[in-house]
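Enquirer: Can you read through this structure? Questions will come right after.
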Amino acid sequence: MAAQRELVREALAEAHRREWAHVLTATVRLTRDLDLAEECSQEAFLTAVEAWERDGVPRNPGAWLTTTAKRKALDALRRASTLRTKLPLLVEPEMTEDGPGERPDGGDIADDRLRLVFTCCHPALAREAQVALTLRLVCGLTTPEIAHAFLVSEPTMAARVTRAKKKITAARIPYRVPETHELPERLDAVLTVVHLVFTTGHTAPSGDTLVRPDLVARALDLARVLLELMPDEREVRGLLALLLLNDARRATRVDDSGELLLLEDQDRSRWDREQVADGRVLVMDALRGGRPGRFALQAAIAAVHAEAPSWGETDWRQVVGLYDLLLQAWPSPVVALNRAAAVAMRDGPDAGLAALDALDAGALAGYRYLPAARADLLRRLGHAGEAATAYRQALDLTDNAAERAFLQRRLAEVGG
Amino acid sequence: MAQYLVLIYENESGYDNPDPSVWQQAMEAHNRFAEQVVELGGQVLGGNALQPTATATSIRGDVVTDGPFAETKEALGGFYLIEAKDLDHALQISRLCPAPFGGVEVRPVMEFPEQG
């Protein structure tokens, strides 16, 4: 009995991860109402616990869940006696695709998920709403989970999600995959959102642990789905490569006591070789054929690090060159900051400080890695007093326990 | 099809210049816009240009004051009421709406449920 329960639990977790978006979109097509569809999809998963324990896991869990969610939606519509007004919608061509022979592993489903992702990341929505909606509607995360990950209160996150859903309905943001000429603009929002989910998991903005593995897993999952659905988009390839190469270092980013370890101090023999290899293949493809995009270039930089046998043997010339290309593709102050750090490695701390001084400090105000980078270069040059001041500035700006411990240790080293 | 109001916000000083060519260009652009909306499968249901904000009067509760309701650098200078399939279609149309001294805001028109 316990074994059966465990089996059902696993099957449900797997179905939630793989099928949530499909169950939801299939139900939305029936209801034309996001909230109702979400409610019915959640209920379908709840119903499954009992039904599957009783009858066993169905051969096709996705189809089971979809059918159940749709049936619940029809019941709800009937109860609300709105079926009469909605009925004409049910016979629209989209519905006829949902014949009895439909299986949740067909191409139609792939399209569904993609449509949902692009709807959640529509440029008419604020970036924070895009992220929240993607996690909620595409990944099936609950509002409290999303609020926790992004450090806002539950009511704030709930309000954000509600506002965004309301805009989708009121303004009629369509469920559709953009056409080719719209893709550069639209796809960028999608990739940025997935990357943001990853970075939030990769270095949690606060809390006791450096990594939130659940968010990292969701981001990797989303990137894989996108690549599966859009195999020809080089930037999708670049994004997945970037995530894999960065995540490959996960086991070595903190020491045994949970303290942050910089790239320089990480045990490279414990990097996930398989992930590095997968990332490298993807990055080579992403760089080929025309000017590479910003995700491909970031992935290429990560690949140079992954290939270097040691910190000292890193090809800094190549890293700086890639940062130069990245700055052209994506003129962001954060990129300029990272480039300055690479210049310091290629040409020495003095050159690095000069590059830091040339940055737009205003644009980076409040960004903890600027004083941290300056502190590190000053420390290497032996300017202990100035380094201590910079470490204190960086400490004022971070709430992550692992990062704080690291900065405090460095501050003590320079006698601050 | 849904209705959207395309609100044209522009810096009014752009039209202060009495040079008739500015006006003429604007008129031509708006005429062209009306044709393009039809070509894109949308429809213009109405619209007009507005007199400058200096001519506006605001009412809030019982208080009547001079000037526009909200002090903005870029003022509401005109509007179109259009019909479009969805927001993407409305945006495709609105992108073509002439507003050389500012931009446009697209707002869905509220739909009230039918009675009975």
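The values are calculated or read from the model by the stated rules, or taken from the named source; none is laboratory data. Fair warning: this is a prediction, and the values are worked out from it, not measured in the lab. We place every Cβ from the backbone using ideal geometry, glycine too, and count neighbours over all the protein chains shown. Protein only, heavy atoms only, side chains kept; ligands, DNA and RNA dropped before computing areas. Shrake-Rupley method; radii C 1.70, N 1.55, O 1.52, S 1.80 Å.
Enquirer: So, in Å, what gap is there between the alpha-carbon centers of region A:125-173 and region A:9-45?
Expert: 16
Enquirer: Contour minus end-to-end for A:Glu307 and A:Asp232, with contour as 0.36 nm per residue of separation and end-to-end as the Cα-Cα distance? If you can, show how the numbers build up before the last one.
Expert: Details: separation 75, 0.36 × 75 = 27.00 nm, distance 2.58 nm.
The span from A:Glu307 to A:Asp232 would gain 24.4 nm if fully extended.
Enquirer: Is any residue of region A:300-324 close enough, with backbone N under 14 Å, to a label point placed 7 angstrom from the Cα of A:Ser269 along the Cα-Cβ axis, and if so, which?
Expert: Under 14 Å, as judged by backbone N against the label point of A:Ser269, lie A:310 of region A:300-324.
Enquirer: Here's something else I'd like to know. Roughly how many percent of the accessible protein surface of region B:2-108 is carbon and sulfur, given a 1.4 Å probe and a whole-percent answer?
Expert: On the way: 3510 of 6610 Å².
Answer for region B:2-108 is 53 percent, counting heavy atoms of protein chains only.
Enquirer: Dipole of the protein assembly as shown (Lys/Arg Cβ +1, Asp/Glu Cβ -1, origin at the Cα centre): which of B:Pro18, A:Val281, B:Val37 lies farthest to the positive side?
Expert: A:Val281
Enquirer: For labels at B:Arg107 and B:His30 in the simple 7 Å Cα→Cβ model, what's the distance in nm?
Expert: Distance between the two pseudo-spin positions: 1.9 nm.
Enquirer: Put a dot 7 Å past each Cα toward the Cβ at A:Tyr367 and A:Ala124; how far apart are the dots in nm?
Expert: Going from the A:Ala124 label point to the A:Tyr367 one covers 3.2 nm.
Enquirer: Working from Cα positions, state the angle (0 to 90°, nearest 10) between the long axis of helix A:333-347 and the longest principal axis of chain A.
Expert: 40
Enquirer: With a sphere of radius 14 Å drawn around the Cβ of A:Ala412, what net charge do the other residues whose Cβ falls strictly inside it have (Lys, Arg +1; Asp, Glu -1)? Spell out each step's value before the answer.
Expert: On the way: positive: A:Arg379, A:Arg392, A:Arg404, A:Arg409, A:Arg410; negative: A:Glu259, A:Glu413.
Net of charged neighbours comes to +3.
Enquirer: Right, next: Nearest 500 deg cm²/dmol is fine: what mean residue ellipticity at 222 nm does chain B get from its DSSP H runs of n ≥ 4 alone, each adding -39,500 (n - 2.57), divided by its residue count? Could the numbers behind the result be given before it?
Expert: Details: 2 runs with 28 residues, N = 116.
That comes out to -8000 deg cm²/dmol.
Enquirer: Next question, about the same structure. Rounded to the nearest 0.05, what FRET efficiency do B:Lys73 and A:Asp111 have when you use their Cβ-Cβ distance and R0 = 56 Å?
Expert: Numbers: r = 44 Å, r/R0 = 0.78.
Once the sixth-power term is evaluated, E becomes 0.80.
Enquirer: Next up: Return the FRET efficiency for the residue pair A:Ala13, A:Ala412: r is the Cβ-Cβ distance, R0 is 56 Å, and the value is rounded to the nearest 0.05. Let's see the in-between values first.
Expert: Working: r = 44 Å, r/R0 = 0.79.
Once the sixth-power term is evaluated, E becomes 0.80.
Enquirer: Would you mind giving the three semi-axes, in whole Å and largest first, of the ellipsoid equivalent to region A:158-252 according to its Cα gyration tensor?
Expert: Values: eigenvalues 140, 84, 16 Å².
Equivalent ellipsoid semi-axes, largest first: 26, 20, 9 Å.
Enquirer: What is the Cα centroid distance between region A:289-337 and region A:187-224, reported in whole angstrom?
Expert: A separation of 20 Å, based on Cα centres.
Enquirer: Roughly how tilted is helix A:316-329, in degrees to the nearest 10 and between 0 and 90, from the longest Cα axis of chain A?
Expert: Helix A:316-329 and the main axis of chain A meet at about 50 degrees.
Enquirer: A further question on this structure: With a 1.4 Å probe and all protein chains left in place, how much accessible area per residue does region A:1-71 have, in Å²? Walk me through the numbers on the way to the answer.
Expert: Numbers: 3470 Å² over 71 residues.
Spelled out: the 1.4 Å probe surface of region A:1-71, per residue, equals 49 Å².
Enquirer: Still on this structure, please answer the following. May I ask you to give the percent of accessible area on region A:1-80 that is carbon plus sulfur, with a probe radius of 1.4 Å?
Expert: That share works out to 51 percent.
Enquirer: Filter A:Lys165/B:Lys85; A:Lys165/B:Lys73; A:Lys167/B:Lys85 down to the pairs with a C-alpha to C-alpha distance above 26 Å, please.
Expert: A:Lys165/B:Lys73
Enquirer: Measuring from label point to label point, each 7 Å out along Cα→Cβ, what is the A:Gln393 to A:Glu185 span in nm?
Expert: 3.8
Enquirer: Which GluC sites (Glu not before Pro) in region A:136-189 sit in a loop by DSSP (not H, G, I, E or B) and have at most 16 other Cβ atoms within 10 Å of their own Cβ?
Expert: Details: sites: A:Glu145, A:Glu179, A:Glu182, A:Glu185; in loops: A:Glu179.
Within region A:136-189, the qualifying GluC sites (Glu not before Pro) (loop, at most 16 other Cβ atoms within 10 Å) are A:Glu179.
Enquirer: Then there's this: May I ask you to list the residues of region A:20-48 whose amide nitrogen lies under 20 Å from a point 7 Å from Cα along the Cα→beta-carbon direction of A:Gln4?
Expert: A:45-48, by backbone N distance to the label point.
Enquirer: Follow-up. Could you give the distance between the Cα centres of region B:29-58 and region A:232-285, to the whole Å?
Expert: Region B:29-58 and region A:232-285 have Cα centres spaced 53 Å from each other.
Enquirer: At the nearest 100 Å², what buried accessible area, both sides summed, do you get for B and A when the probe is 1.4 Å?
Expert: Details: alone 8170 and 19860 Å², together 27260 Å².
Approximately 800 Å², summed over both chains.
Enquirer: If you don't mind, another one. Which value, in debye to the nearest 20, gives the size of the charge dipole of region A:1-80 about its Cα centre, when Lys and Arg are +1 and Asp and Glu are -1 at the Cβ? It would help to have the intermediate numbers written out before the result.
Expert: On the way: 13 positive and 13 negative charges, 62 e Å.
Here the size comes out at about 300 debye.
Enquirer: Hand me the trypsin sites (Lys or Arg not before Pro) from region A:284-354 located in a DSSP loop with no more than 13 other Cβ atoms within 10 Å, in residue order please. Walk me through the numbers before you get to the answer.
Expert: Numbers: sites: A:Arg288, A:Arg294, A:Arg317, A:Arg339, A:Arg346; in loops: A:Arg288.
Of the trypsin sites (Lys or Arg not before Pro), the ones in loops of region A:284-354 whose Cβ has at most 13 other Cβ atoms within 10 Å are A:Arg288.
Enquirer: Bin width 10 Å, alpha-carbon pairs only: give the P(r) of chain A as whole percents, running from 0 to the bin holding the largest distance.
Expert: 4, 18, 28, 24, 14, 8, 3, 0
Enquirer: Rounded to the nearest 500, what is chain A's calculated 222 nm mean residue ellipticity when only DSSP H runs of at least 4 contribute -39500 (n - 2.57) each, over all residues? Intermediate results must be reported in sequence, preceding the final value.
Expert: On the way: 20 runs with 284 residues, N = 416.
The helix contribution divided over chain A gives -22000 deg cm²/dmol.
Enquirer: Convex hull volume of the Cα atoms in region A:156-201, per residue, in Å³? Before the final figure, lay out each step's value.
Expert: On the way: hull volume 4.3 nm³, N = 46.
Looking at region A:156-201, the number lands at 93 Å³ per residue.
Enquirer: Quick check: net charge around A:Arg380, other residues with Cβ under 15 Å of its Cβ, Lys/Arg +1 and Asp/Glu -1? Can you show the working numbers first?
Expert: On the way: positive: A:Arg346, A:Arg374, A:Arg379, A:Arg410; negative: A:Glu264, A:Asp265, A:Asp347, A:Asp350, A:Asp376, A:Glu386, A:Glu413.
Every neighbour counted, the sum reads -3.
Enquirer: Helix A:401-413 sits at what angle to the longest principal axis of chain A, using alpha carbons and giving 0 to 90 degrees rounded to 10?
Expert: 0
Enquirer: Let me ask something additional. At q = 0.16, 0.17, 0.25 Å⁻¹, work out log10 I(q)/I(0) for region A:1-80 with the Debye formula, treating every Cα as an identical point scatterer and leaving solvent out; two decimals please.
Expert: For region A:1-80 at q = 0.16, 0.17, 0.25 Å⁻¹, log10 I(q)/I(0) is -0.54, -0.60, -1.10.
Enquirer: Another question, then. In the neighborhood of B:Ile93, defined by Cβ-to-Cβ distances under 13 Å, what is the net charge if each Lys or Arg adds +1 and each Asp or Glu adds -1? Intermediate results must be reported in sequence, preceding the final value.
Expert: On the way: positive: B:Arg32, B:Lys85, B:Arg95; negative: B:Glu35, B:Glu39, B:Glu83, B:Asp86, B:Asp88.
That sum, taken over residues with Cβ under 13 Å, equals -2.
Enquirer: Could you state the orientation-averaged shadow area of the convex hull built on the Cα atoms of chain B, in nm² to one decimal? Present the calculation step by step, with values, prior to reporting the outcome.
Expert: Details: hull surface 37.0 nm².
Its Cα hull, projected and averaged over all orientations, spans 9.3 nm².
Enquirer: Right, another one. What is the Å³ per residue value for the convex hull set by the Cα atoms of region A:324-416? Present the calculation step by step, with values, prior to reporting the outcome.
Expert: Details: hull volume 8.7 nm³, N = 93.
Normalising the Cα hull of region A:324-416 by residue number yields 94 Å³.
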